[in-house]
Every structure is written in C-alpha cells, then in structure tokens.
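Read through the structure below, which is laid out as structure tokens, and then see the notes.
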Amino acid sequence: MSKEKSKNLKVIGEGSYPGGDYEKIKVIGKGEISDDVWSKETKIIGDYHIKGNAQMGQVHVTGALSVDGELICNRIKVIGELNVSKSMKTNMLDMRGFLNGAGDVELEIMNLKGGLNIPGLFNVGDLQVNLLVAPSKVREIGGEKIIIKSRSFLKQSYTLEAEVIEGDNIYLEHTTAKIVRGNDITIGPCCYIEKVEYRSTFTNKEKNSKNIIKVNRI
C-alpha cells in the first residue's frame, strides 16, 4: 500500500472518496472510501463503508462503520454497529451496539453494551459485556478478566453462545458453552456449561438442575 500526502477528509452528505493517508476524517452522512486508508483521527456520524484495510488512531462512530479488510486502531468508541470482514486489533473498544467480526479479534480492553458475533478467535485482556441486543455468538474467547452479564431495565435477557471460554478470572450469566476454563470461575444465572476446569476457585450460583456442569481441577 502506498501512502498519499497527509490531508483532511470532510464529508457532508453522500459520496465515494479515495483511500490514502489522512490526518483527520470527518463524515456526516453516508458513503464510502474505495481503498486502504490511514488516519490519526476519525469521526463518523452516519453510515460509512471502507473497501479496504483501515489503520486509525482515534475513532468515534455514531451510526455504522463497515471495513472490508482488517481494522487496526488505538481506541474506538461506537454507538451503533461495527462490521469488520477480516481481523481486528485495537487497544480499547467502548461500544453500545453490535459488533460483527468475521475474522480474529484482538483487544486489550473491551466494554460492550449490546451484542457480538465473532466466528473466529477472540483474544482480550479485560472484557466486560452486558448483553442487551440479539443473541450473541463467539467461537472461542481467551482473556484475563471476562465478565458476561445480561441486565436491562426492560427485564429482557439475551444470551451468549461459545465453544470455549478461557481466562484468569471469569464471571458468566446467560451463557452457553462447551468448555469454561480458568483460575477463578463463577457461574451465574441461566448458564448451560458442559465442562468447567478450574485451578483455584469455582462458584455455582445457579441452582437450576438443568445445568450440566462437570468440574475438574487442572
């Protein structure tokens, strides 16, 4: 990928714009960037589509952002929807809405109020999720601190389905998984776990006899 001279991109309305190296991108409306893009600061209010890879510093989205390639950024805040067709890597994601990550996702810190669909590997340092919209699905979660809850003022609960959840400290609600593995594990309400492997402590707060939980010390 070759970079063009740094410049700003400001979009109001609709349109298609070239990729390149931008200092700042500000979008109010709907449109697309036709190729790979770099930017230090990006602000989107509306619906935007990047038809390539995106490497960004600070990103703030109110609406929807779709990236056909990989997304690499320092910090991203989303109110709405984020769709990434390949891998995603960022230091911090603060989101209210739904994350669709078609490839592997790697995050240091993630705070999500909404839902997610990640068919690949999901590696995260500190994960806090409150499931508020639609059923969520992740193939495999690996992290240090993992908290999954489903609590809303409307008293409607949503679920997370995963094959493997592995971390140092894990708390789960409304989660279905084949294997949960870690040091300190707490299983909260409405969980259906086939197998739990723990090193230090295990707490089962759910008294529902329908749960299938097998505990092994490792």
Can you name the residue in the stretch 100-157 that is among the hydrophobic types (A, V, I, L, M, F, W, C) and more than 22 Å from ASN169 (Cβ to Cβ) and, of all such residues, is surrounded by the most Cβ atoms within 10 Å (Cβ to Cβ)?
LEU132
Being surrounded by fewer than 16 Cβ atoms within 10 Å (Cβ to Cβ), of a type in the set (A, V, I, L, M, F, W, C) and part of a strand (DSSP E or B) narrows ILE25, ILE76, ILE12 down to just ILE12
Which ones in the stretch 79-115 are assigned to a strand (DSSP E or B) and touching an Asp or Glu at 6+ places or on another chain (Cβ under 6 Å)?
LYS89, ASN91, GLY97, PHE98, ILE109, ASN111
Residues of the stretch 33-54 being surrounded by 18 or more Cβ atoms within 10 Å (Cβ to Cβ) and not in a loop (DSSP other than H, G, I, E, B), which ones?
ILE33, VAL37, TRP38, SER39, THR42, ILE44, GLY46, ASP47, TYR48, ILE50, ALA54
Out of GLY69, GLY57, sole residue that is surrounded by fewer than 22 Cβ atoms within 10 Å (Cβ to Cβ) and part of a strand (DSSP E or B):
GLY57
Selection within the stretch 37-47 - in contact with a Lys or Arg (Cβ under 9 Å, 6 or more places away or on another chain) and over 18 Å from GLU81 (Cβ atoms):
TRP38, SER39, LYS40, GLU41
Flag if ASP94 is more than 21 Å from ILE187 (Cα to Cα), among the charged types (D, E, K, R) and in contact with a strand residue (DSSP E or B) (Cβ under 8 Å, 6 or more places away or on another chain)
yes
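Any read-out appearing in this document is the output of simple, stated calculations on the displayed coordinates, not a laboratory observation. In this text the structure is predicted, and so the values were computed from the model without any measurement. Every residue, glycine as well, gets a Cβ built from its backbone with ideal geometry; the counts of neighbours run over all protein chains shown.
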